[in-house]
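To start, the structure under review is shown below, and the notes come after it.
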Amino acid sequence: MSDGARLIGVDWGTSNLRVMRIARGGAVMDARSDPRGAGGLAPDAFPGVLTDVAGDWLAEGLPVLACGMAGGRGKWREMPYQSTPVTLEDLAAALGSPPGAPGVSIVPGVRAMSDGRMVDVMRGEETQIMGLELDRDDDCVVAPGTHSKWISVQAGSITDFRTFMTGELFAAIRTGTVMGAGMGEPDMDAAAFEAGVTRALADPALTALLFSVRVESLADRLSVESAADYLSGLLIGAEIAARLGGRMRPVTLVGAAALNRRYATALSLAGFTEVRVADGPTATARGLWRIHEAARR
């Protein structure tokens, strides 16, 4: 601990693992990544993977705090969802340790409630929210990704959210349908992406819109090289169109840099005039630190 590290932070996603040595305040001193995400692990595999990735760090005796799918059903330890509204203190009070790992704590997930029923869930994004520097009493945070989240935050409390399977649907169409045959990776053909966004904002019939990828290609208006960007624009545009009801609150984006750029462009086309961008890993580390500190109080 002499070099300033105070916490080992673990962000265990479905597809990837990120382990961080975190200093006071949430600054990341060192970070390591590994492709062994929680999605492919049985409960008893988690300790070994963590030791493989960061055994030398664990030997320092620092507390370990994990967020994400390590707390999912059938994973290291299933952590109960906390019902909205959820504060930093609520998450800190509900930490739990997996069997045989007293030095490790796991952050619980959050569930959105309506009429007494669970209507949506998240694991990992709640930690990012707690690490953001939000300066308004009423915020909209968008976390783009495989399962994109639109999250309402009021005075630091997560009050509601909705999930869109935008990233997963993009991958499924690109790799598992006739329209995706030969389609490469999106390479930010700005014109094709913006055309997709604009079309989706004007027409809410998503399943019909998706077929336009094939129609535009057959009409020689869309090249194979640009098809992935057009498809991305359709899906992100449709996601934003579903959230256009009511006033256009300022939006904070927290995700990977490439996705943040795409969403910022699409939000601008939809008429959002105040869009801020936050770095996802930085927010996660700071959130882990703040939850850790709150649990010690």
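Derived scalar couplings between HN and Hα for region 177-188 equal 10, 4, 4, x, 4, x, 6, x, 6, x, 10, 6 Hz in order, rounded to whole Hz, by the Karplus curve 6.51 cos²θ - 1.76 cosθ + 1.60 (θ = phi - 60°), x for Gly and Pro.
Less than 5 angstrom separates the built amide H of Gly96 from those of Ile106, all sequence-distant by 5 or more or on a different chain.
Please check which bits of region 265-297 a label hung off Ala93 would reach, taking the label as a point 7 Å along Cα-to-C-beta and the cut-off as backbone N under 14 Å. Within reach of a label on Ala93, which here means backbone N under 14 Å from a point 7 Å along Cα→Cβ, region 265-297 contributes 294-297.
Based on alpha-carbon atoms, the Kirkwood radius and the radius of gyration of region 1-144 give Rg/Rh equal to 0.97. Counting only DSSP beta bridges whose two residues both lie in the chain, roughly 65 percent are antiparallel.
Enclosing the Cα atoms of region 201-287 in their convex hull gives a volume equal to 111 cubic angstrom per residue. For the chain, the Kirkwood radius over C-alpha pairs fed into Stokes-Einstein at 10 °C and 1.306 mPa s yields D = 79 µm² per second. Where Rh is the Kirkwood radius over the Cα pairs of region 241-284, the temperature 4 °C and the viscosity 1.567 mPa s, what D in µm²/s does Stokes-Einstein return? This corresponds to a translational diffusion coefficient of 118 µm²/s.
Per q in 0.13, 0.22, 0.32 Å⁻¹, report the Debye log10 I(q)/I(0) for region 1-50, using one uniform scatterer on each alpha carbon and no solvent. Log-scaled intensity ratios, in q order: -0.34, -0.76, -1.13.
Only helices enter the 222 nm calculation for the chain: every DSSP H run of n ≥ 4 contributes -39,500 (n - 2.57), and dividing by all residues gives -11500 deg cm²/dmol, rounded to 500. Taking all protein chains as shown and a probe of 1.4 angstrom, Val119 keeps an accessible surface of around 80 Å².
Taking R0 as 51 Å, what FRET efficiency do you get between Arg162 and Ala59 from their Cβ-Cβ distance, rounded to the nearest 0.05?
On the way: r = 42 Å, r/R0 = 0.83.
Result of the calculation: an efficiency of 0.75.
Each residue of region 215-227 is assigned a 3J(HN,Hα), and the resulting list reads 4, 4, 5, 5, 7, 6, 9, 9, 7, 4, 5, 9, 4 Hz, derived from the Karplus form 6.51 cos²θ - 1.76 cosθ + 1.60 (θ = phi - 60°), x at Gly and Pro.
What percent do you get for the relative contact order of region 135-252 when only Cα pairs under 8 Å and 6+ apart count? Please list the in-between numbers first.
Details: 181 pairs, mean separation 32.2, N = 118.
Relative contact order for region 135-252 comes out at 27 percent.
Mean separation of Cα pairs under 8 Å and 6 or more residues apart, divided by the residue count, gives the chain a relative contact order of 18 percent. Here Ser83 and Asp137 are evaluated by their C-beta separation; at R0 = 25 Å the FRET efficiency comes out at 0.70.
Subtracting the Cα-Cα distance of Glu185 and Val119 from 0.36 nm times their residue separation leaves 20.5 nm of extension gain.
Region 139-297: D in µm²/s via Stokes-Einstein (Kirkwood Rh, Cα pairs, 10 °C, 1.306 mPa s)? In µm²/s, the coefficient is 96. Scaling the Cα radius of gyration of region 81-209 by the globular reference 2.2 N^0.38 Å produces a ratio of 1.33. Under 5 Å from the amide H of Val121 lie the amide H atoms of Ala112, each residue being 5 or more positions distant or on a separate chain, with H modelled from the backbone and absent for Pro and chain starts.
Residue-wise HN-Hα couplings along region 144-161, as the Karplus relation 6.51 cos²θ - 1.76 cosθ + 1.60 with θ = phi - 60° gives them from phi, are x, x, 3, 10, 6, 10, 10, 10, 8, 10, 10, 6, x, 10, 6, 9, 6, 6 Hz; Gly and Pro carry x.
Remark: spin-label model distance Ala202-Thr146 equals 3.5 nm, labels positioned 7 Å along the Cα→Cβ axis.
The values are calculated or read from the model by the stated rules, or taken from the named source; none is laboratory data. Bear in mind that the values here come from a model prediction, so they are computed numbers and not experimental data. Virtual Cβ from ideal backbone geometry, glycine too; neighbours counted across all protein chains shown. Ligands, DNA and RNA are excluded from the accessible area calculation, which covers all protein heavy atoms including side chains. Shrake-Rupley method; radii C 1.70, N 1.55, O 1.52, S 1.80 Å.
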